[in-house]
1. Hey, can you tell me all the residues within segment 462-474 that are closer than 30 Å to residue 347 by Cβ and either in a helix (DSSP H, G or I) or touching a strand residue (DSSP E or B) at 6+ places or on another chain (Cβ under 6 Å) (or both)?
2. Hey, can you tell me all the residues within segment 414-433 that are more than 30 Å from residue 365 (Cα to Cα) and buried (at least 16 other Cβ atoms within 10 Å of the Cβ)?
3. Go through 281, 252, 247 for me and flag whichever is in contact (Cβ under 8 Å) with a residue 60 or more places away in the chain, touching a helix residue (DSSP H, G or I) at 6+ places or on another chain (Cβ under 7 Å), part of a helix (DSSP H, G or I) and over 23 Å from residue 137 (Cα atoms).
4. Of the residues 74, 147, which is out of contact with any strand residue (DSSP E or B) (no Cβ under 9 Å at 6 or more places or on another chain), at pLDDT below 90 and surrounded by 21 or more Cβ atoms within 10 Å (Cβ to Cβ)?
5. Counting only residues that are in contact with a strand residue (DSSP E or B) (Cβ under 9 Å, 6 or more places away or on another chain) and not in a helix (DSSP H, G or I), how many does segment 333-369 have?
6. Considering (1) more than 27 Å from residue 220 (Cβ to Cβ); (2) touching a helix residue (DSSP H, G or I) at 6+ places or on another chain (Cβ under 9 Å); (3) part of a helix (DSSP H, G or I), say which one residue 106 fails and leave the rest.
7. Here are some conditions: (1) touching a residue at least 40 places away in the same chain (Cβ under 8 Å); (2) touching a helix residue (DSSP H, G or I) at 6+ places or on another chain (Cβ under 8 Å); (3) under 25 Å from residue 359 (Cα atoms). Residue 408 meets all but one. Which one does it not meet?
8. Among the numbered criteria (1) part of a loop (DSSP other than H, G, I, E, B); (2) closer than 23 Å to residue 15 by Cβ, which one does residue 150 miss?
C-alpha cells in the first residue's frame, strides 16, 4: 500500500448513509410487509434528507480519498444535486409504484444505489473509478427501465438499453486503454501532466482514445448519433424512471465529462474540441426536429432531452471557467424544469392513464393545477422569458459565443425556436381542445396533496431561477472554479 494514500473514510459518510438506507429498505420490504405498503417511500425520502443534510457538512472541504475520489465543492454540489433529484423521484413515485409495480423495496433501493454511482461519477479523479461508478449507475438503470416486467415494452426497453449500454461501455473501456497507453496512467492529474509535454509518438493513439471516450460517454448522455436507446427506453420505462433518466442519468454524464475534460484532457483540447462541436450541433438539430413528429408524451420529451444535451455539449466544447459555470447553471435549471414537467405528467397519468399528447386534451378543465405547471415547464424548456430556461440558456449561449463558438450558439437559438412548436402542441391540447365526454361524469381529477405540493415547489423553483438567479449563479461560479484551480 502506498504510504501517501489518504484513506480517510469519514470523507465518504454520505455514501455510507445511502448504502445503509438501501439495505434498510430491502429489510423493511421483506420483514415488515404491513409497514412497506404506505410508509416505504417516506422512509426512503427521510433517509435521503439525512444524507442531504450530512453532505452539506462537506462545504469548503478540499481533500481526496486514496487518490481516486475528490471531495471538494464540486462533489458536494453534485451530492446534494443527485440526492435532491432522487428525493423528488421517490415522492413522485409513491402512488405510481403502489398502483402499477410490484416489489417496491427493490425499486426504491435501486434508486438510492444509482444515486451513489452518480455521485462518484462526479467525484472520480481516475478513469477506472469513473468507469465503475458509471456502471453502478447504468446497471441500476437497466433494471429500473425494465421494472414493469409484466409489460412487454418495458422488457423490450430494458433489453435494448442494456445491450447498447454494454457496447458503449466496451467503447469507453477501449478508449481508456488508449489514453493509458499514451499517458502511462489512469489518474486525471497524471494524464494531464503527461499530455502537457505533448503527445509525440502517441498522436494517433491519443486521437483514437479520445474518439472512443466521446462515443462511450456520448451514449450515456444520449448525444446523436449515440441516442438510439433513448426514445424506446423513455417510452417503455415506468414513468417515474423516465423522469429519473432525463435528470440524473444526463446530469451524471455531464458531471463526469466536465471534470474529465477540464482536468485530464484539457492539454489536448485541440484534439477533441472539434468532435464535441460537431456532436453538439447534430444533437441540437436532430433532437428538436424529430421531436416535432412525436405523439407520445414520453417520446416527445425523450427527443426534447436529446436537444437539451446538444445545448449542454456546447458548454464542454467551449470549455473555460465561465462556460463551465454557465453549464452548471443551465443543467440545474433544466433538471428543476424537467422534474416539474414529469411530476405533473406522473400525477396526470395516475388519474387518467394518459401517455399520448392527445390524452391531455382539456387538461386545463380536468386538472387545472397540473396543466398550469406543465405549461410553465414547457415554456421554460423552450427558453421563454421569465422562466428558468430563458435565463440559463441566455447565459450559456452568451458564454459559448464569447469563447469563439458564435455559430454554435446561433444554432442553439434556432433549435430553441424549433422546440417551441412541439411544446405548443401539448399546450394547445390542454387549453384549446375540449375535454372528452367522460369529463361530464367524472369531473376534475383528484390529485394527492403530496403531488400538489411537489409540483408547486418545483414550479416556484423554475420562477426563482428565471427571475432571481444571482444566488445560484454565484454558487455554480464557485463550484466551477474548483475544476480550474491548479
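The values are calculated or read from the model by the stated rules, or taken from the named source; none is laboratory data. The shown structure was predicted, so the numbers you read here are calculated from the model rather than taken from an experiment. Quick reminder, even Gly has a Cβ in these numbers, built from the backbone with ideal geometry, and neighbours come from all protein chains shown.
1. Step one: list which residues in segment 462-474 are closer than 30 Å to residue 347 by Cβ, which gives 462-469, 471-472.
If the condition is that a residue be closer than 30 Å to residue 347 by Cβ and either in a helix (DSSP H, G or I) or touching a strand residue (DSSP E or B) at 6+ places or on another chain (Cβ under 6 Å) (or both), then 462, 463, 464, 465, 466, 467, 471, 472 are the ones that fit.
2. 415
3. 281
4. After ruling out the rest, the residue left standing is 147.
5. Total meeting the criteria: 2.
6. Evaluating residue 106 over (1) more than 27 Å from residue 220 (Cβ to Cβ); (2) touching a helix residue (DSSP H, G or I) at 6+ places or on another chain (Cβ under 9 Å); (3) part of a helix (DSSP H, G or I) leaves (1) as the failure.
7. (3)
8. So residue 150 meets the others, but not (2).
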